[in-house]
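The values are calculated or read from the model by the stated rules, or taken from the named source; none is laboratory data. Predicted, not measured: the structure shown is a model, and the values here were computed from it. Reconstructed Cβ throughout: ideal geometry from the backbone, glycine too, with neighbour counts over all protein chains shown.
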Amino acid sequence: MIKQNMEDQIKKYKEIARQARVKVIELIWKAQTSHVGSNLSSIDILTVIYSIANIDKDLKEDRDRIVISKGWVAASVYYFLAEKGIIPKEDLETYCKEGSEYIGLVEPYVRGIEAAGGSMGFGLPFGVGFALAKKIKKEKGKVFVLMSDGEMQTGTTWESALIVAHNKLNNLFVIVDFNGLQAMGKVKEILNIEPLKDKWTAFGWEVREIDGHNFEEIEKSLTSPSEKPVVIIAKTIKGKGVSFMEGENVWHYKAPSDEEYQRALKELESNG
């Protein structure tokens, strides 16, 4: 029975993620903006986070907190906020248009966005503050922070990691979207961060390594309790879900042409 329930849940996750990819690519194509590859990399992770997190349209004070440090996946985050009724679905049509508050980086003036993201290394410090505040107030709930692998190169990440371990913030879950690519090339060639697991372990964290497109592994990694703060190293594929975008770093900044959009849409619809 448990196995069947998980199989059913995985099917739901797959369809939620497929629909998210369809809409996110549409938003980026219409706006002719960037970061489609990064959005597709994170969507499976975001699908699970927004499904399991205690967050609804009322945004109650004791809710779980979701911090998007890799804020350039804004299109995906707006999509999930709209699906949860936190922002109006029609607002998505203003994405990156002149005068819209829905820009290509997450900003806290958008309802449901907990903190500004996009400047590398900013998200985890916000997460530390939220998690520590919950501990002080004896408030229930978790804090989820989605980071990029490129952010593992920044000093604020490791300063925050020390603070978290020192304060035993086991209500904090960091998810590293490890697709191996950043704006200007391969992560390992720009500033090698490996062995990443050993680094986080040395800082006093529990490390969970998963396939960032395996919904069962994602869910388990985010829901299994720990006495320590948890970092999840999620191995992903940039551009996941669209074959000609997968692993191609040109899609960090390139916007889809009309023809490329139609190719991507046809591919995603055929997987439905």
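For this structure, a couple of remarks:
- With respect to (1) under 22 Å from the mean Cα position of the chain (by Cα); (2) at positive phi; (3) among the basic types (Lys, Arg), the lone exception for residue 168 is condition (1).
- Check on residue 43, of a type in the set (Val, Ile, Thr) and either without any contact (Cβ under 8 Å) to a residue 24 or more places away in the chain or in contact with a helix residue (DSSP H, G or I) (Cβ under 8 Å, 6 or more places away or on another chain) (or both): yes
One line per residue, one yes/no per condition, for (1) at pLDDT 95 or above; (2) in contact with a helix residue (DSSP H, G or I) (Cβ under 8 Å, 6 or more places away or on another chain); (3) surrounded by fewer than 21 Cβ atoms within 10 Å (Cβ to Cβ); (4) assigned to a helix (DSSP H, G or I):
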{"site": "38", "(1), (2), (3), (4)": "yes, yes, no, yes"}
{"site": "49", "(1), (2), (3), (4)": "yes, yes, no, yes"}
{"site": "103", "(1), (2), (3), (4)": "yes, yes, yes, no"}
{"site": "110", "(1), (2), (3), (4)": "yes, yes, yes, no"}
{"site": "115", "(1), (2), (3), (4)": "yes, yes, no, no"}
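- The set of residues in region 137-149 that are in contact (Cβ under 8 Å) with a residue 60 or more places away in the chain and surrounded by 17 or more Cβ atoms within 10 Å (Cβ to Cβ) comprises 141, 142, 143, 144, 145, 146, 147, 148.
- Summed over region 230-272, residues that are over 26 Å from residue 208 (Cα atoms), of a type outside the set (A, V, I, L, M, F, W, C) and out of contact with any strand residue (DSSP E or B) (no Cβ under 8 Å at 6 or more places or on another chain) total 18.
- Residue 84 falls short on exactly one of the conditions (1) touching a helix residue (DSSP H, G or I) at 6+ places or on another chain (Cβ under 8 Å); (2) closer than 30 Å to residue 184 by Cα, and that condition is (2).
- Which numbered condition residue 185 misses (of (1) free of Cβ contacts under 8 Å to residues at least 12 places away in the same chain; (2) on the phi > 0 side of the Ramachandran plot): (1)
- Taken as a whole, region 251-267 holds no residue that is buried (at least 16 other Cβ atoms within 10 Å of the Cβ) and within 17 Å of residue 49 (Cβ to Cβ).
- The C-beta contact set for region 190-217 (first residue modelled with pLDDT of 95 or more and among the basic types (Lys, Arg), second residue surrounded by 14 or more Cβ atoms within 10 Å (Cβ to Cβ) and not in a strand (DSSP E or B), distance under 7 angstrom, 6+ apart or interchain) comprises 208/221.
- For region 218-249, residues that are free of Cβ contacts under 8 Å to residues at least 60 places away in the same chain and farther than 28 Å from residue 197 by Cα total 2.
- Of all the criteria given as (1) part of a loop (DSSP other than H, G, I, E, B); (2) in contact (Cβ under 8 Å) with a residue 60 or more places away in the chain; (3) closer than 27 Å to residue 209 by Cβ; (4) of a type outside the set (Phe, Trp, Tyr), the one not satisfied by residue 55 is (2).
- Candidate set: region 171-211, residues that are among the polar types (S, T, N, Q) and more than 19 Å from the chain's Cα centre (by Cα); chosen: the one farthest from residue 131 (Cα to Cα): 192
- Positions within region 124-152 being within 18 Å of residue 65 (Cβ to Cβ) and assigned to a loop (DSSP other than H, G, I, E, B), in sequence order: 138, 139, 140, 141, 142
- Residue 15 in a helix (DSSP H, G or I) and over 22 Å from residue 176 (Cα atoms): yes
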